[in-house]
Amino acid sequence: MGRILALDYGTKRTGVAVSDELKIIASGLTTVPTAELLTFLKKYFSEENVELILLGEPKQMDSTASQSEVNIQEFLKKFREIFPEMKLERVDERFTSKMAFQSMIDSGLKKKQRQNKALVDEISATIILQSYLYK
C-alpha cells in the first residue's frame, strides 16, 4: 500500500503532508522551497511508496480560479513530464490557511510561533490531506 502526499503549493514555499500507509492518519511532513519541490519529490518517491498526490486548488469565493493557479499549472506541466505515471488529484483548498492559523491558536502556540509561514503551509497541507481522507 502506498502513501498519499498532499501539497499546499505556493510561489515561495510548498507545505507537504503525508498519510500513513493505511491512509488513516494525516501528518505534516515539511515545507520545501518551491524552487526545490521537484527535486524533493524525486528523492521522496525513491524512498517511499506514494500512490497519490493531492495538490491544493486555490479558488475564489465564486469558485473561479485564483491568480496563483497560473503558477500551479506551470508546476503541473513539469510534474507530469517527470512523473507521468503518478496519480494526481486536485483538492479545493479554500480557507485552509485560515484553518491552519486557527489550529495554531487553538493548540496554544505563541504569537511568534504563529508568524512562521512555513508552519502554516505545512499545516495547510495536512488539512488538505485530512479533508481527502475523511470525506
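Kindly check whether there is at least one residue in the stretch 70-87 that is modelled with pLDDT of 95 or more, crowded, with 16+ Cβ neighbours inside 10 Å and part of a loop (DSSP other than H, G, I, E, B). Looking for residues that are modelled with pLDDT of 95 or more, crowded, with 16+ Cβ neighbours inside 10 Å and part of a loop (DSSP other than H, G, I, E, B), one finds at least one in the stretch 70-87, hence yes. Residue count for the stretch 105-128 satisfying the condition of being in a helix (DSSP H, G or I), at pLDDT below 80 and either polar (S, T, N, Q) or closer than 13 Å to residue 28 by Cα (or both): 4.
Output yes when any residue across the stretch 51-62 is more than 15 Å from residue 91 (Cα to Cα) and modelled with pLDDT of 95 or more, and no when none is. So far as the stretch 51-62 goes, yes, one or more of its residues are more than 15 Å from residue 91 (Cα to Cα) and modelled with pLDDT of 95 or more. In this structure, is residue 46 loosely packed, with under 11 Cβ neighbours inside 10 Å and either in a helix (DSSP H, G or I) or modelled with pLDDT of 95 or more (or both)? Criteria met by residue 46.
Any residue that is surrounded by fewer than 18 Cβ atoms within 10 Å (Cβ to Cβ), touching a strand residue (DSSP E or B) at 6+ places or on another chain (Cβ under 6 Å), closer than 19 Å to residue 120 by Cα and not polar (S, T, N, Q) - is there at least one of those in the stretch 31-39? Yes, some residue in the stretch 31-39 is surrounded by fewer than 18 Cβ atoms within 10 Å (Cβ to Cβ), touching a strand residue (DSSP E or B) at 6+ places or on another chain (Cβ under 6 Å), closer than 19 Å to residue 120 by Cα and not polar (S, T, N, Q).
Here residue 66 passes the criteria (1) at pLDDT below 95; (2) crowded, with 18+ Cβ neighbours inside 10 Å except the one numbered (2).
Restricting the search to the stretch 1-43, which residues are of a type outside the set (A, V, I, L, M, F, W, C) and in a loop (DSSP other than H, G, I, E, B)? Please lay out each step first, then the result.
Step one: filter the stretch 1-43 for residues of a type outside the set (A, V, I, L, M, F, W, C), giving 2-3, 8-15, 19-21, 23, 27-28, 30-31, 33-34, 36, 39, 42-43.
Passing the criteria: 2, 9, 10, 11, 12, 20, 21, 23.
The values are calculated or read from the model by the stated rules, or taken from the named source; none is laboratory data. In this text the structure is predicted, and so the values were computed from the model without any measurement. Virtual Cβ from ideal backbone geometry, glycine too; neighbours counted across all protein chains shown.
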